[in-house]
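The values are calculated or read from the model by the stated rules, or taken from the named source; none is laboratory data. Fair warning: this is a prediction, and the values are worked out from it, not measured in the lab. Cβ sites come from the backbone with ideal geometry, for glycine too, and all protein chains shown count toward neighbours.
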Amino acid sequence: MRSKPVSIGRKIVRLQSVTSTNTELLDRSDRYENGDVMIAEEQRAGRGRYRRSWHSPSGGIYMSILIKEMEKPEEILKLSLLSALAIQRTLSSLANTAFYIKWPNDVYAGDSKICGILPETRVQGKNLIAVIGIGINVNNEPASGIHLRNPAVSLCELSGKKHDLNTLVKNILQLTDNFYSHIRENRFGEYLPELEQCLYGRGKTIILKKNDGQQEDIIPLGFTEDAALRCIRNGKEDILYMGEL
Ligand code: BTN
């Protein structure tokens, strides 16, 4: 794999502490370029999906990727899915556990969440900008709480040792940069078999939590060419888009 990033990770801004890397990049996007990455050792107001907070003590990975040159809005759906694949591949090489992508935006180790991804977009003048925020439990103690259906887990709990965060970040960004080039070359479809292989709950009934707080039983099957989920819903094959959640 090439060592010089084409787009993602050409510039990496490292901070000791920040409110939220997503908020910081979205609010000050004029200071940064397409593909720039912000990483913080800890976040004071890390954010998750469903307006939840994301517990961000030192020892975990908290980073966001800024995308300013989107050709089509679907690119961000593809990129957030393939960034999950980059994380799934990287973690798989470090612990003897099965890692899955839980649609739309989590990486699971077995039945426990190890990583959450928060893609966010904002209209800026005539342009749409996006950030993909990634939080991974590595050497930190994972959050616990009643809202977590399954207990969260960290990489060091799984592997029994501490990991070098810089090496992990480097691997994930290299893969993500490579995948981003492929998305732009209309090669997203090449990843569908691998994505399907590591889809959490494939062929089984799982509970999907939606933005309105409702839950729904679905059977995940795989993905479409535009990064939506193919599944069985209400007894019929259906397609779920991230915006529906
Ligand atoms: C989830 O709810 O599963 C998504 C969690 C996303 C957390 C990451 S940490 C880096 C970035 N900054 C944030 O405030 N959130 C994302």
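What the table shows:
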| item | result |
| --- | --- |
| Pick from segment 86-99, criterion over 18 Å from ALA143 (Cβ atoms) and out of contact with any Leu (no Cβ under 7 Å at 6 or more places or on another chain), ranking: farthest from the ligand (Cβ to nearest atom) | ASN96 |
| Selection count where residues are more than 15 Å from the ligand (Cβ to nearest atom), of a type in the set (S, T, N, Q) and either in a loop (DSSP other than H, G, I, E, B) or at pLDDT 90 or above (or both), scope segment 126-138 | 0 |
| Looking only at segment 47-85, and only at residues there that are modelled with pLDDT of 95 or more and basic (Lys, Arg), the one that is farthest from the ligand (Cβ to nearest atom) | LYS78 |
| When residues of segment 1-44 are limited to those that are of a type in the set (Gly, Ala, Ser) and in contact (Cβ under 8 Å) with a residue 40 or more places away in the chain, the one farthest from GLU120 (Cα to Cα) | SER3 |
| Within segment 142-245, helices (runs of 4 or more DSSP H) holding 3 or more residues that are within 23 Å of ALA98 (Cα to Cα) and polar (S, T, N, Q) | 165-184 |
| Residue list for segment 91-108, filter: modelled with pLDDT of 95 or more, buried (at least 22 other Cβ atoms within 10 Å of the Cβ) and touching a helix residue (DSSP H, G or I) at 6+ places or on another chain (Cβ under 6 Å) | PHE99, ILE101, VAL107 |
| Among the residues listed as LYS11, LYS4, the single one being over 17 Å from VAL138 (Cβ atoms), among the charged types (D, E, K, R) and at pLDDT below 95 | LYS4 |
| Restricting segment 106-125 to residues that are more than 22 Å from GLU69 (Cβ to Cβ) and not in a strand (DSSP E or B), the residue that is farthest from the ligand (Cβ to nearest atom) | GLY110 |
| Test: residue in segment 171-192 that is surrounded by fewer than 18 Cβ atoms within 10 Å (Cβ to Cβ), touching a Lys or Arg at 6+ places or on another chain (Cβ under 7 Å) and either under 18 Å from LEU79 (Cα atoms) or free of Cβ contacts under 8 Å to residues at least 24 places away in the same chain (or both) | no |
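Matching residues to (1) surrounded by fewer than 20 Cβ atoms within 10 Å (Cβ to Cβ); (2) more than 13 Å from the ligand (Cβ to nearest atom); (3) farther than 22 Å from ASN178 by Cβ; (4) small (Gly, Ala, Ser):
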| residue | (1), (2), (3), (4) |
| --- | --- |
| LYS4 | yes, yes, no, no |
| ILE12 | yes, yes, no, no |
| SER17 | yes, no, yes, yes |
| SER20 | no, no, yes, yes |
| THR23 | yes, no, yes, no |
| SER29 | no, yes, yes, yes |
| ASP36 | no, yes, no, no |
| ALA40 | no, no, yes, yes |
| ARG44 | yes, no, yes, no |
